[in-house]
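Visitor: Shown below is the structure under consideration.
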There are 2 protein chains.
Amino acid sequence: MIKNKTEQAKQITKKSKDLRKWYQDVILKAELADYAPVKGCMVIRPYGYALWEKIQAFLDTLIKAHGVQNAYFPLFIPESFLNREKEHVAGFAPQTAIVTEAGGEKLKEKLVIRPTSETVMYEMYKKWVRSWRDLPIMINQWNNVVRWEKRTYLFLRTSEFLWQEGHCAHATYEESLETVMWALQTYKKVYNELLSLYGIAGVKSESEKFAGAAKTFSFEILMPDGRALQGGTSHDLGQNFSRAFHWTVQNKDRRNLYPWQNSWGLSTRSIGGLVMAGGDDNGLVLPPQIAPIQVIIIPIFKTESQDKVLGFAEKVKESLQNFHVEVDLREGETAGFKFNKWELKGVPLRVEIGEQEIKAGAATLVRRDNFVKEKVNLAELSSRVHKILEIMQKEIFERHQKFTEEHTHLIDSYLEFQDIMKKERGFLRAFWCEKSECEDKIKEETRATARCLELDAKEETGKCIYCGKDAKHRWLFAQAY
Amino acid sequence: MIKNKTEQAKQITKKSKDLRKWYQDVILKAELADYAPVKGCMVIRPYGYALWEKIQAFLDTLIKAHGVQNAYFPLFIPESFLNREKEHVAGFAPQTAIVTEAGGEKLKEKLVIRPTSETVMYEMYKKWVRSWRDLPIMINQWNNVVRWEKRTYLFLRTSEFLWQEGHCAHATYEESLETVMWALQTYKKVYNELLSLYGIAGVKSESEKFAGAAKTFSFEILMPDGRALQGGTSHDLGQNFSRAFHWTVQNKDRRNLYPWQNSWGLSTRSIGGLVMAGGDDNGLVLPPQIAPIQVIIIPIFKTESQDKVLGFAEKVKESLQNFHVEVDLREGETAGFKFNKWELKGVPLRVEIGEQEIKAGAATLVRRDNFVKEKVNLAELSSRVHKILEIMQKEIFERHQKFTEEHTHLIDSYLEFQDIMKKERGFLRAFWCEKSECEDKIKEETRATARCLELDAKEETGKCIYCGKDAKHRWLFAQAY
């Protein structure tokens with residue numbers, strides 16, 4: 001049963017060689033997830049689910065601090081509900097899964113498995129909220145949704161996925177927009193502070209906005225292959241849904257108003273971004289804040305020194321109780337095999353404990369992100385580990401920011417645009433006239449789409465990269481995941 | 001807009017008059033839940049969902065401390081999977097909801113929405129675990145399941161409900177049984193310590209066990225109408241599923257073994273039990289540990305004293321930061337209306353703040369469960385509130401224990417059995433020969449079923465209450481919810 005280093009190393013494709021294959025290998029071998037028996041679906045295994053629990057805890061705290069309350073709405077949406085908002089149904093109907101039989105009978109009205117919950121939630125809001133006193137209503141739910149896919153791309157594209165969907169309604173447009181922007185900034189926080197990922201926030205073009213929204217804002221993250229991942233979206237729904245649902249509320253002045261609404265979601269897709277953006281040929285690299293195991297202690301011993309080393313390892317573990325720490329006591333595996341196993345799983349810090357360490361009253365630390373090694377006295381171990389984890393969290397973010405900036409280009413000629421999209425891709429800042437014909441052509445010819453107009457983009461004078469007509473803004477283009 | 005006390009009080013049926021109507025009124029008016037647009041389904045509103053979040057936090061901590069890890073398995077189960085364990089499919093098939101269309105096409109194989117996840121989980125366990133080294137595998141998931149119902153009984157019977165389902169597999173039967181009993185004791189803890197509900201744990205009869213289990217254990221709780229609610233179940237699955245799935249694992253001795261499995265679940269039904277067992281004519285009574293708001297401060301003022309009273313209320317709130325505390329600042333409602341509103345919502349402790357209290361540098365406290373009133377100096381407020389909440393948690397449990405014991409009867413004649421079941425019902429301890437014919441007849445004639453054989457039941461010599469033949473145990477009978 002003893003496996004050696006080479007055997008383990010062989011198990012994953014090199015990241016530099018084939019990103020897609022590496023990504024799949026890492027997720028399967030690090031036991032983050034697996035393919036489910038039903039096509040298009042996945043199983044999130046405990047190590048992967050622990051990442052989701054960390055994201056939930058971080059984000060849920062921010063959501064509640066903002067006064068949004070959690071609730072639960074049904075999985076089933078009557079087909080007629082989905083039809084009420086025209087753009088909404090057009091956007092989602094082709095991807096729905098439909099229940100036609102239940103309890104041994106054919107159903108009179110088909111039930112759609114929620115692809116998102118606007119319609120079923122707003123039907124209830126309408127029933128509950130009739131007076132301005134009960135506005136704003138701010139509700140979030142953590143649940144599963146279904147948008148049918150035939151091929152699974154683990155975490156990034158699955159028929160069923162987990163997410164949170166926040167749905168607020170306000171008396172004024174300004175208040176609603178404030179919530180839209182708060183949600184967007186909150187997602188940025190999740191990525192920057194928890195997942196150590198840099199990204200760019202902005203507003204979507206007409207063609208890329210959410211089905212039924214007035215405006216969609218998103219947070220875009222650059223992946224190692226120069227493609228962009230949409231990390232979370234926040235939708236200004238205007239009064240589109242309140243009007244479609246004939247939901248009015250009596251205002252202070254006793255006049256009726258249609259509430260201004262917004263919805264915003266972040267999903268298990270974020271884990272896909274975390275895995276793909278980080279990591280190297282040896283596997284995952286998890287930022288310390290999100291790592292389910294932050295420190296792995298590996299005892300190295302011969303039979304005669306076993307008791308002594310294991311005793312010392314236990315002592316080291318006790319001194320690191322402030323962290324998520326584990327000792328690898330598994331039998332039948334060499335130290336080298338264990339090093340590889342935990343590197344594959346992306347544990348930020350490895351602590352090696354052997355006879356030398358015992359003699360020195362110290363532990364050898366090895367960083368997962370850059371393999372820098374140092375020996376630390378037991379007395380200083382906890383504070384040094386704290387410091388290193390803090391530095392790693394920051395440096396992983398900075399590396400991703402640097403990578404993104406190095407792959408962000410100011411482009412003024414379509415030839416250059418095409419050239420970059422053929423080679424390294426990346427974020428391309430280019431003038432665009434905002435007409436869908438140009439957007440379609442650009443996509444057809446280069447695979448790039450307008451990802452967003454950056455939040456702080458200034459109005460400038462320029463010419464559309466494609467048609468040469470007047471353009472006011474440089475949009476952020478990239479090929480999307 | 002000003003409503004008075006009478007108007008509010010009228011909104012709910014008296015508990016003593018009509019329990020079922022009272023239960024429905026309380027859940028709707030206290031905004032715990034609402035009926036969903038789809039028949040048989042419900043919406044869990046923020047105040048109700050906060051109860052579920054507390055149950056989750058309490059139970060999840062215990063689950064993790066036992067070494068069980070959370071994960072997520074798909075909503076969809078191929079129809080053929082459900083068919084693999086004969087009793088399992090026979091038990092669940094009549095209640096399933098089925099997806100036949102997805103992504104605009106008719107599906108080749110119908111997909112069942114999980115009524116429980118044994119089959120889809122064990123297919124994966126079989127793939128992941130091939131060696132004894134990887135046993136036990138102990139996984140839990142928090143999710144939604146669907147068992148079709150035509151009529152909704154809020155929280156107690158809904159087509160979709162939320163729960164956790166734990167699924168462990170072990171190398172030996174003894175280890176598996178240990179987990180089964182651990183889960184049962186853990187559910188008892190949730191009810192006793194968090195929900196302040198007394199109950200009885202035991203093993204189910206053959207006819208009442210889980211479809212596919214070797215044995216089912218449950219925790220039974222007596223409701224005010226003398227009917228029993230099954231509060232959680234833990235199933236010893238034996239090797240039924242590992243055999244049905246042809247899942248073998250290589251043991252230390254290199255022989256193959258079929259793992260011994262168990263599964264256990266606790267659902268949002270527990271909230272139904274909490275609501276029904278507690279509460280009075282004024283509405284909910286929440287034990288302090290589960291209450292989303294533990295202390296509600298109600299400022300009482302005339303226009304001229306408003307600023308002073310609100311300022312003092314804020315000060316009182318600050319001194320109670322160790323608790324879930326809120327000040328009711330809502331305009332357009334009288335103090336009496338507010339008293340009723342928060343009584344309806346079951347907030348354990350009301351703090352009244354008026355000019356008298358300011359003068360005395362004190363606050364008036366009113367307990368929700370017995371309306372006992374006391375004035376407490378600001379300096380002692382926090383420690384006194386702590387003490388009162390502790391006492392309430394204990395006394396609510398003791399009252400329910402006393403109620404249960406007073407309605408538990410040792411019965412030795414079938415006439416008496418029938419008589420009690422016609423009148424007050426309750427738990428009936430009676431000898432039963434363990435034959436299903438007697439059980440069926442008893443149910444038909446009295447509506448009572450064998451709820452369980454209590455864990456500590458001694459073997460005795462007796463005669464079956466129905467047929468008079470030899471019986472070894474007194475079983476616990478009751479009419480089930």
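The values are calculated or read from the model by the stated rules, or taken from the named source; none is laboratory data. Model, not experiment: these values are computed from the prediction. Cβ sites come from the backbone with ideal geometry, for glycine too, and all protein chains shown count toward neighbours.
Visitor: How about the stretch A:91-103: which of its residues are under 27 Å from residue A:207 (Cα atoms) and either more than 9 Å from chain B (Cβ to nearest Cβ) or of a type in the set (Asp, Glu) (or both)?
Guide: Scanning the stretch A:91-103 gives A:91, A:92.
Visitor: Does the stretch B:42-52 contain any residue that is more than 10 Å from every other protein chain (Cβ to nearest Cβ) and either buried (at least 22 other Cβ atoms within 10 Å of the Cβ) or under 22 Å from residue A:43 (Cα atoms) (or both)?
Guide: yes
Visitor: What residue, of A:57, A:50, A:30, is among the small types (Gly, Ala, Ser), touching a Leu at 6+ places or on another chain (Cβ under 9 Å) and modelled with pLDDT of 95 or more?
Guide: Step by step, each of A:57, A:50, A:30 is checked, and only A:30 is among the small types (Gly, Ala, Ser), touching a Leu at 6+ places or on another chain (Cβ under 9 Å) and modelled with pLDDT of 95 or more.
Visitor: Of everything in the stretch A:21-37 that's assigned to a loop (DSSP other than H, G, I, E, B) and crowded, with 21+ Cβ neighbours inside 10 Å, which residue is nearest to the chain's Cα centre (by Cα)?
Guide: Among those that are assigned to a loop (DSSP other than H, G, I, E, B) and crowded, with 21+ Cβ neighbours inside 10 Å, it is A:32.
Visitor: Aromatic (Phe, Trp, Tyr), under 22 Å from residue A:218 (Cα atoms) and at pLDDT 95 or above - does that describe any residue in the stretch A:462-477?
Guide: yes
Visitor: Still on this structure: Residue under question is residue B:158, and the condition is that it be at pLDDT below 95 and assigned by TED's automatic domain parsing to the domain that holds residue B:231; does it hold?
Guide: No, not satisfied.
Visitor: Condition test on residue B:94, is it under 24 Å from residue A:45 (Cβ atoms) and out of contact with any helix residue (DSSP H, G or I) (no Cβ under 7 Å at 6 or more places or on another chain)?
Guide: Here the answer is no, as residue B:94 does not meet what is asked.
Visitor: Exactly one of (1) over 23 Å from residue A:217 (Cβ atoms); (2) basic (Lys, Arg); (3) buried (at least 16 other Cβ atoms within 10 Å of the Cβ) is unmet by residue A:443. Its number?
Guide: The single condition residue A:443 does not satisfy is (1).
Visitor: Quick one: which of B:340, B:322 is more than 14 Å from every other protein chain (Cβ to nearest Cβ), surrounded by fewer than 15 Cβ atoms within 10 Å (Cβ to Cβ), in contact (Cβ under 8 Å) with a residue 24 or more places away in the chain and outside any strand (DSSP E or B)?
Guide: Of the residues listed, the single one that is more than 14 Å from every other protein chain (Cβ to nearest Cβ), surrounded by fewer than 15 Cβ atoms within 10 Å (Cβ to Cβ), in contact (Cβ under 8 Å) with a residue 24 or more places away in the chain and outside any strand (DSSP E or B) is B:322.
Visitor: Now for a different question. When residue B:288 is evaluated against the numbered criteria (1) part of a strand (DSSP E or B); (2) in contact with a Leu (Cβ under 9 Å, 6 or more places away or on another chain), which criterion, by number, is the only one it fails?
Guide: Checking residue B:288 against (1) part of a strand (DSSP E or B); (2) in contact with a Leu (Cβ under 9 Å, 6 or more places away or on another chain), the one that fails is (1).
Visitor: Inspect all residues belonging to the stretch A:155-168 and state whether any of them is more than 25 Å from residue A:99 (Cα to Cα), touching a residue at least 60 places away in the same chain (Cβ under 8 Å), part of a loop (DSSP other than H, G, I, E, B) and over 18 Å from the mean Cα position of the chain (by Cα).
Guide: No - not one qualifying residue is present in the stretch A:155-168.
Visitor: Kindly list the number of the only condition in (1) in contact (Cβ under 8 Å) with a residue 60 or more places away in the chain; (2) surrounded by fewer than 17 Cβ atoms within 10 Å (Cβ to Cβ); (3) out of contact with any strand residue (DSSP E or B) (no Cβ under 8 Å at 6 or more places or on another chain) that fails for residue A:173.
Guide: Condition (3) is where residue A:173 drops out.
Visitor: Here is a list: A:330, A:367. Which entry is within 31 Å of the chain's Cα centre (by Cα) and not aromatic (Phe, Trp, Tyr)?
Guide: The match here is A:367.
Visitor: Return the residue satisfying two criteria in turn: it lies in the stretch B:118-135 and is farther than 17 Å from residue A:42 by Cβ and among the acidic types (Asp, Glu), and of such residues it is nearest to the other protein chains (Cβ to nearest Cβ).
Guide: B:134
Visitor: I've got another one for you. With the structure loaded, tell me whether residue A:346 is in a helix (DSSP H, G or I), of a type outside the set (A, V, I, L, M, F, W, C), in contact (Cβ under 8 Å) with a residue 60 or more places away in the chain and not assigned by TED's automatic domain parsing to the domain that holds residue A:424 or whether it fails that test.
Guide: So residue A:346 fails the test.
Visitor: Give the residue, chosen from A:106, A:110, that is in contact (Cβ under 8 Å) with a residue 24 or more places away in the chain, more than 7 Å from every other protein chain (Cβ to nearest Cβ), under 23 Å from residue B:78 (Cα atoms) and surrounded by fewer than 21 Cβ atoms within 10 Å (Cβ to Cβ).
Guide: A:110
Visitor: Please determine whether any residue of the stretch A:58-78 is facing chain B (nearest Cβ under 7 Å), over 29 Å from the mean Cα position of the chain (by Cα) and closer than 20 Å to residue B:144 by Cβ.
Guide: Looking for residues that are facing chain B (nearest Cβ under 7 Å), over 29 Å from the mean Cα position of the chain (by Cα) and closer than 20 Å to residue B:144 by Cβ, one finds at least one in the stretch A:58-78, hence yes.
Visitor: Out of B:444, B:434, which single residue is assigned to a loop (DSSP other than H, G, I, E, B), out of contact with any helix residue (DSSP H, G or I) (no Cβ under 7 Å at 6 or more places or on another chain) and either in the same structural domain as residue B:193 (by TED's automatic domain parsing) or over 27 Å from residue B:289 (Cβ atoms) (or both)?
Guide: That would be B:434, the only listed residue that is assigned to a loop (DSSP other than H, G, I, E, B), out of contact with any helix residue (DSSP H, G or I) (no Cβ under 7 Å at 6 or more places or on another chain) and either in the same structural domain as residue B:193 (by TED's automatic domain parsing) or over 27 Å from residue B:289 (Cβ atoms) (or both).
Visitor: Here is a follow-up. Does residue A:287 qualify as being farther than 23 Å from residue A:52 by Cβ, surrounded by 15 or more Cβ atoms within 10 Å (Cβ to Cβ) and of a type outside the set (Asp, Glu)?
Guide: Considered against the rule, which asks whether it is farther than 23 Å from residue A:52 by Cβ, surrounded by 15 or more Cβ atoms within 10 Å (Cβ to Cβ) and of a type outside the set (Asp, Glu), residue A:287 comes out as no.
Visitor: With the requirement that a residue be touching a residue at least 24 places away in the same chain (Cβ under 8 Å) and part of a helix (DSSP H, G or I), what does the stretch B:293-319 give you?
Guide: B:305, B:308, B:309, B:312, B:313, B:315, B:316, B:319
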